[in-house]
1. Hey, can you grab everything whose amide H is under 5 Å from the amide H of Ile204? Only 5+ residues off in sequence or another chain; H modelled, so Pro and N-termini drop out.
2. Between Phe216 and Gln184, what length comes free when the chain is fully extended (0.36 nm per residue of separation minus the Cα-Cα distance, one decimal in nm)?
3. For the chain, what is the mean residue ellipticity at 222 nm derived from helices alone (per DSSP H run of n ≥ 4: -39500 (n - 2.57); sum divided by total residues; nearest 500 deg cm²/dmol)?
4. For region 319-445, what is the accessible area per residue in Å² when the probe is 1.4 Å?
5. For a 27 Å ceiling on Cα separation, which of these pairs sit above it: Lys258/Lys319; Lys19/Lys258; Lys122/Lys421; Lys142/Lys421; Lys258/Lys421?
6. If I model a spin label at Glu38 and Leu160 as a point 7 Å from the Cα along the Cα→Cβ vector, what separation in nanometres do I get?
7. Roughly how many Å² is the accessible area per residue of region 1-140, as a whole number, for a 1.4 Å probe?
8. Summarise the accessible area of region 1-71 (1.4 Å probe, protein heavy atoms) by the percent that is carbon and sulfur.
Amino acid sequence: MDSPPPPVSFCEALRFWLKLGFISFGGPAGQIAIMHTELVERRRWISEKRFLHALNYCMVLPGPEAQQLATYIGWLMHRGWGGIVAGALFVLPSLAILIALSWAYLAFGKLAVVAGLFYGLKPAVTALVVHAAHRIGTRALKNGWLWGIAAAAFVALFALDAPFPLIVLGAAAIGHVGGRRAPQVFAIGGGHGAAKAGYGPALIDDDTPTPPHARFTRGRLARVLTIGLGLWAAGMLTLVTACGWDGALAQMGWFFTKAALLTFGGAYAVLPYVYQGAVEHHQWLSGTQMIDGLALGETTPGPLIMVVAFVGFVGGWTKQLFGPDTLFLAGAAAAGVVTFFTFLPSFVFILAGGPVIESTHGKLQFTAPLTAITAAVVGVILNLAMFFAGHVLWPQGWSGRFDWISALIAVGAGVALFRFKLGVMPLLGLCAALGFGLRLAGLAG
């Protein structure tokens with residue numbers, strides 16, 4: 001413990017990132033905790049101060065912060081390819097699992113056993129969304145001004161049906177102006193606490209010089225942006241050439257590019273935008289299927305935003321992109337397209353912005369917009385919880401019957417989360433088993 005660990009080979013790091021892709025359950029908080037335990041405490045590949053410095057940058061970005069943090073650390077250790085491997089392996093296991101689960105859902109979803117499992121999962125997901133709003137709210141809403149931003153975001157979505165991008169941009173503008181005129185209001189964003197000591201020297205320690213590949217140069221920035229934009233343009237051109245601009249795959253690529261640039265606050269925050277586009281506008285899937293997809297996403301490793309792979313799979317399947325005899329191929333292709341366009345910006349943000357972050361430290365003008373966006377996200381997530389509750393508790397619509405059994409499951413799940421701090425996976429397992437039992441007993445519709 002008196003000396004740093006030996007240098008880590010690319011192959012050794014690759015094995016770790018692959019393992020992480022299969023064990024990264026628990027949402028961003030759980031995934032970051034796993035990386036902290038493995039990389040800071042146990043392996044000592046990076047010091048806690050450097051770990052938190054990278055994490056603060058990832059919090060500011062749109063996109064899944066845990067996946068971006070893995071990309072950042074991989075890049076810092078093994079250059080560009082290290083970041084690409086770390087970020088890709090964080091996602092690919094989840095993509096393969098979700099493709100398999102999506103196929104089973106569409107092929108066998110009407111079977112009693114599957115319907116029973118989802119009957120129990122849906123109320124649990126509703127409770128999880130409420131818990132997410134509470135968890136973020138207790139951390140973010142530290143004064144009346146931030147409460148006001150959260151309330152305004154909720155009203156804008158619930159009563160005015162405002163587009164999600166407008167809410168994000170409005171909150172960022174408020175944070176930008178407020179950070180200058182009322183810095184005491186917005187001075188709380190972007191931090192994750194003081195660094196802890198006692199783990200021993202790290203391979204990348206507090207005073208380790210920035211490696212040459214992580215130093216900012218305009219030439220390197222230009223190359224990263226050119227490659228990133230080139231990959232995006234090549235992907236879109238291929239889809240437009242193959243199926244036309246109005247084709248489902250091209251529209252998915254364009255829509256999820258926009259979604260990737262607006263995912264401030266995590267997957268829960270962007271789901272209303274995905275719902276507006278995928279369900280209401282493009283009609284790639286139904287609202288009920290959207291909730292089912294979120295339930296599947298909660299049970300798999302990887303970022304929760306991987307629920308978009310389910311959206312793509314269902315859209316490709318239902319649109320029969322390659323004909324009625326190749327439904328699985330259509331779904332898998334659409335899931336791959338959606339995943340590519342959702343995560344490509346994350347790699348560009350890290351590889352392009354990392355060198356700047358390695359040479360600077362957080363400043364208020366950097367974190368104030370994040371503080372305001374995070375406050376707005378609380379209102380957005382609360383609106384999402386109400387949307388889920390409406391579909392779960394009134395399955396036939398507001399004029400239909402109230403599902404008391406689902407309500408009791410949701411309340412029980414909420415008690416388990418808030419009072420007993422039950423983990424996500426045990427909660428979902430218990431609720432799925434309960435739904436299956438109720439279905440067999442003939443008590444669940």
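1. Placed amide hydrogens put Ile46, Ser47 under 5 Å from Ile204.
2. 8.4 nm
3. When only DSSP H runs of four or more count, the value is -23500 deg cm²/dmol.
4. Averaged over the residues of region 319-445, the accessible area is 47 Å².
5. With Cα atoms farther than 27 Å apart: Lys19/Lys258; Lys258/Lys421.
6. Those two pseudo-labels are separated by 4.4 nm.
7. On a per-residue basis, region 1-140 sits at 39 Å².
8. 63
The values are calculated or read from the model by the stated rules, or taken from the named source; none is laboratory data. Everything numeric in this text was worked out from a predicted model, so none of it was measured. Counting neighbours? That spans all protein chains shown, and the Cβs are built from the backbone with ideal geometry, glycine included. All accessible areas refer to the heavy atoms of the entire protein, side chains included, with ligands and DNA or RNA removed. Shrake-Rupley method; radii C 1.70, N 1.55, O 1.52, S 1.80 Å.
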